[in-house]
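Reading through the structure tokens given below for one structure.
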Amino acid sequence: MAKYMLIMRSTDEAEAAFAESGTDFEEMLATMGRFNNELIEAGVLVAMDGLEEADKGVVVDYSGDEPTVTDGPYGETKELFNGFWILDVPTIDDAVAWAKKAPLAGPGMKSEIRRIPTIDEFPADNEWIQAERAWRERTGQL
């Protein structure tokens, strides 16, 4: 099995359209809850969370000599990262199949899928990798 992160993405326009749609919040929670429950029952869900609105976050920009912090919203943002699921499935095709079931329909809504490499894919003789492995073992992650 491998871990894949399904990253929920939308655009500023999609967020505005959703806010104006009058979608019932309880209905949205029920729809998302049913999908999350399906992931749990299938035994593939490792972690999941949604994120607070972009205008309540900050961006740390490392492109200058010193990192600079900018309050949201971010002006030129093309896409917003709204939340994620981490699934433990055999292949990216399995992750894609789950992503296709996610209740994220609508213009500007996307899900990016990225594999999460395991600690075993990094050099075992590296002191920092050894320290991380020890931490993962102490915290029950291995």
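The values are calculated or read from the model by the stated rules, or taken from the named source; none is laboratory data. Here the structure is a predicted model, which means the values were calculated and not measured. Cβ sites come from the backbone with ideal geometry, for glycine too, and all protein chains shown count toward neighbours. For the accessible areas, the whole protein counts, side chains as well, though only heavy atoms, and no ligand, DNA or RNA atoms are used. Shrake-Rupley method; radii C 1.70, N 1.55, O 1.52, S 1.80 Å.
Residues in the stretch 108-131 that are open to solvent by 40 Å² or more (accessible area, probe 1.4 Å), over 16 Å from the mean Cα position of the chain (by Cα) and of a type outside the set (D, E, K, R): T118, F122, P123, A124, N126, W128, Q130, A131. Take the conditions over 17 Å from the mean Cα position of the chain (by Cα), at pLDDT 85 or above and in a helix (DSSP H, G or I) and apply them to E26. Does it pass? Taking the combined requirement at face value, the residue does not satisfy it. Among the residues making up the stretch 33-72, those that are touching a Lys or Arg at 6+ places or on another chain (Cβ under 8 Å) and either touching a residue at least 40 places away in the same chain (Cβ under 8 Å) or open to solvent by 70 Å² or more (accessible area, probe 1.4 Å) (or both) are F35, E38, V46. Checking each residue in the stretch 29-49 for being small (G, A, S) and either farther than 19 Å from R115 by Cα or not in a strand (DSSP E or B) (or both) picks out A30, G33, A42, G43.
Summed over the stretch 66-92, the residues that are within 18 Å of the chain's Cα centre (by Cα) and modelled with pLDDT under 80 give a count of 4. Taking each residue of the stretch 121-142 that is of a type in the set (V, I, T) and looking for partners that are outside any loop (DSSP other than H, G, I, E, B) and open to solvent by less than 100 Å² (accessible area, probe 1.4 Å) with beta-carbon atoms closer than 7 Å, six or more apart or interchain, yields I129/I119.
Say whether the condition of being assigned to a strand (DSSP E or B) and more than 30 Å from F35 (Cα to Cα) is met by at least one residue in the stretch 70-87. Yes, there is a match, as at least one residue in the stretch 70-87 is assigned to a strand (DSSP E or B) and more than 30 Å from F35 (Cα to Cα). Give A97, A105 a once-over and let me know the one that is at pLDDT below 90, aliphatic (A, V, I, L, M) and surrounded by fewer than 17 Cβ atoms within 10 Å (Cβ to Cβ). So the residue among A97, A105 that is at pLDDT below 90, aliphatic (A, V, I, L, M) and surrounded by fewer than 17 Cβ atoms within 10 Å (Cβ to Cβ) is A105. Is it fair to say A30 is in contact (Cβ under 8 Å) with a residue 24 or more places away in the chain and of a type in the set (A, V, I, L, M, F, W, C)? Here the answer is no, as A30 does not meet what is asked. Going through (1) more than 18 Å from the chain's Cα centre (by Cα); (2) of a type in the set (A, V, I, L, M); (3) part of a strand (DSSP E or B) one by one, V59 falls short only on (1).
When the test is whether a residue is open to solvent by 40 Å² or more (accessible area, probe 1.4 Å), in contact with a strand residue (DSSP E or B) (Cβ under 7 Å, 6 or more places away or on another chain), without any contact (Cβ under 8 Å) to a residue 60 or more places away in the chain and over 30 Å from D120 (Cα atoms), T23 does not pass it.
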